[in-house]
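The values are calculated or read from the model by the stated rules, or taken from the named source; none is laboratory data. All of these numbers come straight from a predicted model, not from anything done at the bench. Note that each Cβ is placed from the backbone with ideal geometry, even for glycine, and that neighbours are counted across all protein chains shown.
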Amino acid sequence: MAIGVLQVTKRFGDFVALDDVSLAIPSGSLTVLLGPSGSGKSTLLRVIAGLEMPDAGEVTIFDTDATPLPPQKRGVGFVFQHYAAFKRMSVRENVAFGLKIRKRPKAEIRARVDELLELVQLQGLAERYPSQLSGGQRQRMALARALAVEPQVLLLDEPFGALDARVRKELRAWLRRLHDEVHVTTVLVTHDQEEAMEVADRVAVINTGRIEQYGKPRDLYEHPASEFVMTFVGPVTRLRNAYIRPHDVDVQLAANGKSEEATVERVVHLGFEVRVEVELAEGGHLLAQMTREEAERLELLEGQKVFVRPRRTTTFEAGTDESAENVSPHGASGASSH
Amino acid sequence: MSSQAHTGRGVRALLLGLALTYVVVLLIAPLAGIAYYALKPGFGSIVDTLQLRDVQHAFYLTAVIMFVAVVVTGVLGIVVALVLARDRFAGKAVVSALVNLPLAVSPVIVGLMAVLLFGTAGWFEPFFAAQGIQIMFALPAMILVTIFISIPFVIREVAPLLEELGMDEEQTAWTLGASRLQTFFRITLPNIRWGLLYGTALSAARAIGEVGAVLIVSGLLQGRTETATLYVLRAFDQYQEEQGYIVALMLAGFSILLLIGIETFKRRSARAVS
C-alpha cells in the first residue's frame, strides 16, 4: 500500500468536506478520485499532500505516518489545475527548482532536467518562459517539475481541467502511457467520469465527503454500489424506480411480448453511435443507444411509433442502496436477480 | 442617431477640455510659476541657497525620514499584506478597514496621537525618558508618524496582488521541498516586486510631502527637526521667498521623478499578473 487514508475528517467552518474517509491506494497504481465539484475530492488530495491538515484521522505514505509532516517532507509531487508555473523562471529553471533546493551538483541537475524534458516532450523549449507555452505544454512542464524530485507519490488536481477538449483527450492518453513507463503511484482528481474510466486502474467515487464506491472502472459501471454511482458514472435514464443504461434498451418496430409502445422524440448521430430519445406511451422518457447500422435498418424518424424493451434494469431499495438487477435476455421473458 | 453620436462627442470634448484646463490651471501653471521664481534670481542664488546649513540639514532630514520610512513600510507592509491575503481569522474585515485609517484621519490628528503617546506626560514617555531616549520633538517621532501615514500605500497595493496570485505557486514550491522562507524569497517576492516597488514609491512620495503630523511632533526646531517641507513653510513665513521657491522646486522635481518611477512600476506590476 502506497497511500493509506484512515478515518480522515476535515471541516471548513460548518461545512464537512471529508466525513470519516478511509482509502488504501496500492503501490504503482493510477487511482482516480472522481466526484462532482464540492464533493471533497480535492480536499482529500490536499490532505494527502499535507496542504490541508485533517481535523481527525491519519495519512500514511509508504507505511510512514505522514500526518504530522509538512508538505516539504512527504515526498509528494503536486500538480495544480492551473499549472502553477513559476512565471519568472524559464522551463529549465522550473523543472530544476526542486533539485536546486536540494543543492544537487549543477551538471547533475542539467542532465536530469534534459532527461525529464525529453520524457514530457518539451526538449527544445527549455529556455522559454511559461507565458510562451500553450496550456498543454505548461501542464507537461508542471509534471516534469513534480517528477524531478522523484516523489514517492504523484498527486494531480484536475490536471486537464483548464485545457480544451481535444488537448485534454490527447494528454489523458499520454499520461496513461507515461504512467506505464514511470510507474510512480499516482492519484488524479477529476469530475469527468470519462477521464476517470479512461486513465484509472482504480476509481474512488466521492460524494458529499464520503467514498461511495472504490473499485475498477468496469466494476463501477457494471455493478454500481449506489444510486449516486449509477447516475454519475456513465449515462443512465430513470424509468419509474429503475435505472437503465442506454445500450440496454432494445428498439423494435413491431410489438413483442414485454415491449412498451413509445414515440421517437429525437435521433442524435454521434458518428459510430446513434442516440435515440423516446417518450413512452404510458409516460416517462428513455434513452436508447444503438449502432449506426441498427439505426439505418430501423430507419428511425422523429415522431415515429416504436416498441422498446429494457434488456437490463437496476433498482436500488429505498434508503439502503442495496441494488437488484433484472436481466431479460433476448427473446426470453425470464428475469434473474443479482 | 448621428446627431446623438455628435452630442456624445461634443460632451466628451467638453469634459476633456475641462479636465485639461484643470490640469493646466491648478498643476502646470503653479509648477511653472515655482520654477520661474526659483530660477529668476539666477544660478548663483541657487548655489547660495543650497549651501545654507539649514537647507542642507532639511534635505538631509527629509532623506533620512524617507529612507527609514520606505524600508520599514516595505517590510511591515508585506507582513501585514501576507496576513490579510493569506490567513483566515476572526475580525479580518475590521483589520482590513483599519489599514486605511491613516488615509482617512487628518495627519494633524496623527500628530496629536503621537503627542498623547510619547509627549510630556504621555503614556510611554516615562519609559523612554528613563532610558534617556528622546522621542518627541526629535527624529524618532518624526519617523514614527511618517511610517504610520505612509504604510497603507504598500499594504493596499500588495495585499490584492497576493490574493490575485493565489497560493498555487507557493504550495508547489513547498511540495518541491522549499521552506517557507525559501518560497518567500524565490517565488512570492519576485512575483510581487513591481507592486511592492509601486507601493513603496507611493509611500516615499507621501513621506517627502508630509507636513501636518511631522509639524506637530517636530517641535519646529530650526536646523534640528526641520524637514525640507517644513523649511519651505518657514521660509515663506519669514519672507525668504527666494530660498522657499528653490527648495520647493527641488522637492517638486524629486516628486516628479518618483511619479515617473511609480507609473513604470504600476505598468510592470499589471503586466506581471496577467
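Considering every residue within segment B:105-117, establish whether at least one is crowded, with 17+ Cβ neighbours inside 10 Å, in contact with a Pro (Cβ under 9 Å, 6 or more places away or on another chain) and closer than 16 Å to B:GLU210 by Cβ.
For segment B:105-117, residues crowded, with 17+ Cβ neighbours inside 10 Å, in contact with a Pro (Cβ under 9 Å, 6 or more places away or on another chain) and closer than 16 Å to B:GLU210 by Cβ: present.
For the structure I just gave you, tell me whether B:ILE192 is aliphatic (A, V, I, L, M), in the same structural domain as B:VAL108 (by TED's automatic domain parsing) and touching an Asp or Glu at 6+ places or on another chain (Cβ under 6 Å).
Answer is no for this residue.
Looking at segment B:52-147, what helices (runs of 4 or more DSSP H) fall wholly within it and have at least 2 residues that are farther than 30 Å from B:ARG193 by Cβ?
The qualifying helices (runs of 4 or more DSSP H) are B:53-86, B:107-118, B:125-131.
Quick check, is B:PHE59 over 17 Å from B:GLU157 (Cβ atoms), without any contact (Cβ under 8 Å) to a residue 12 or more places away in the chain and in the same structural domain as B:LEU202 (by TED's automatic domain parsing)?
Criteria not met by B:PHE59.
Quick check: is even one residue across segment B:230-239 farther than 26 Å from A:ARG88 by Cα, of a type in the set (S, T, N, Q) and at pLDDT 90 or above?
Yes, some residue in segment B:230-239 is farther than 26 Å from A:ARG88 by Cα, of a type in the set (S, T, N, Q) and at pLDDT 90 or above.
Can you name every residue in segment A:76-98 that is under 28 Å from the mean Cα position of the chain (by Cα) and at the interface with chain B (Cβ under 9 Å from one of its Cβ atoms)?
A:VAL76, A:GLY77, A:PHE78, A:VAL79, A:PHE80, A:GLN81, A:HIS82, A:TYR83, A:ALA84, A:ALA85, A:PHE86
Return yes or no: is A:ARG140 under 20 Å from A:VAL184 (Cβ atoms) and either within 14 Å of chain B (Cβ to nearest Cβ) or polar (S, T, N, Q) (or both)?
Answer is no for this residue.
Can you name the residue in segment B:1-54 that is among the polar types (S, T, N, Q) and farther than 30 Å from B:VAL247 by Cβ and, of all such residues, is modelled with the highest pLDDT?
B:THR7
Among the residues that make up segment A:152-161, is at least one of them assigned to a loop (DSSP other than H, G, I, E, B), within 13 Å of chain B (Cβ to nearest Cβ), under 26 Å from A:ARG104 (Cβ atoms) and of a type in the set (Asp, Glu)?
no
Only residues that are within 14 Å of chain B (Cβ to nearest Cβ) and either more than 30 Å from B:ARG193 (Cβ to Cβ) or in contact with a Leu (Cβ under 7 Å, 6 or more places away or on another chain) (or both): list them for segment A:110-122, please.
A:ARG112, A:LEU116
Please count how many residues of segment A:281-295 are in a loop (DSSP other than H, G, I, E, B) and touching a residue at least 40 places away in the same chain (Cβ under 8 Å).
The total comes to 1.
Taking B:ARG224 as meeting all but one of (1) crowded, with 21+ Cβ neighbours inside 10 Å; (2) charged (D, E, K, R); (3) more than 22 Å from B:GLY74 (Cβ to Cβ), write down the number of the exception.
(1)
Among the helices (runs of 4 or more DSSP H) contained in segment B:168-267, which hold 1 or more residues that are within 14 Å of chain A (Cβ to nearest Cβ) and farther than 30 Å from A:LEU147 by Cβ?
Hits in segment B:168-267: B:189-209.
Applying the selection to segment A:192-226, what residues are touching a Pro at 6+ places or on another chain (Cβ under 6 Å) and not β-branched (Val, Ile, Thr)?
If the condition is that a residue be touching a Pro at 6+ places or on another chain (Cβ under 6 Å) and not β-branched (Val, Ile, Thr), then A:MET197, A:ALA200 are the ones that fit.
Out of the residues in segment A:99-109 meeting the condition of being within 14 Å of chain B (Cβ to nearest Cβ) and hydrophobic (A, V, I, L, M, F, W, C), tell me which one is farthest from A:GLY136 (Cα to Cα).
A:ILE101
Among the listed residues B:LEU52, B:LEU27, identify the single one that is of a type in the set (A, V, I, L, M, F, W, C), more than 22 Å from B:GLU157 (Cβ to Cβ) and not assigned by TED's automatic domain parsing to the domain that holds B:TYR198.
Testing whether each residue is of a type in the set (A, V, I, L, M, F, W, C), more than 22 Å from B:GLU157 (Cβ to Cβ) and not assigned by TED's automatic domain parsing to the domain that holds B:TYR198 leaves just B:LEU27.
Could you check how many residues of segment A:34-75 are more than 8 Å from every other protein chain (Cβ to nearest Cβ), under 20 Å from the mean Cα position of the chain (by Cα) and in contact (Cβ under 8 Å) with a residue 12 or more places away in the chain?
14
Using the structure shown, decide if A:LEU69 is surrounded by fewer than 17 Cβ atoms within 10 Å (Cβ to Cβ) and in a loop (DSSP other than H, G, I, E, B).
yes
Name the pairs whose Cβ atoms lie under 8 Å apart, with the first residue in segment B:120-143 and more than 18 Å from B:VAL110 (Cβ to Cβ) and free of Cβ contacts under 8 Å to residues at least 12 places away in the same chain, the second in a loop (DSSP other than H, G, I, E, B) and not charged (D, E, K, R), and 6 or more positions between them or separate chains?
Short answer, once both residue conditions are applied: B:PHE128/B:GLN134; B:PHE128/B:ILE135.
Give, as residue ranges, the strands (runs of 3 or more DSSP E) completely inside segment A:172-259 that count at least 3 residues that are buried (at least 21 other Cβ atoms within 10 Å of the Cβ).
Result: A:185-190, A:202-207, A:210-215.
Tell me which residues, restricted to segment A:81-107, are surrounded by fewer than 23 Cβ atoms within 10 Å (Cβ to Cβ) and assigned to a loop (DSSP other than H, G, I, E, B).
Answer for segment A:81-107, where residues must be surrounded by fewer than 23 Cβ atoms within 10 Å (Cβ to Cβ) and assigned to a loop (DSSP other than H, G, I, E, B): A:GLN81, A:HIS82, A:LYS87, A:ARG88, A:MET89, A:SER90, A:ARG102, A:LYS103, A:ARG104, A:PRO105.
Within the bounds of segment B:125-144, is there any residue that is acidic (Asp, Glu), away from every other protein chain (no Cβ under 14 Å), touching a Phe, Trp or Tyr at 6+ places or on another chain (Cβ under 9 Å) and under 20 Å from B:ALA207 (Cα atoms)?
no
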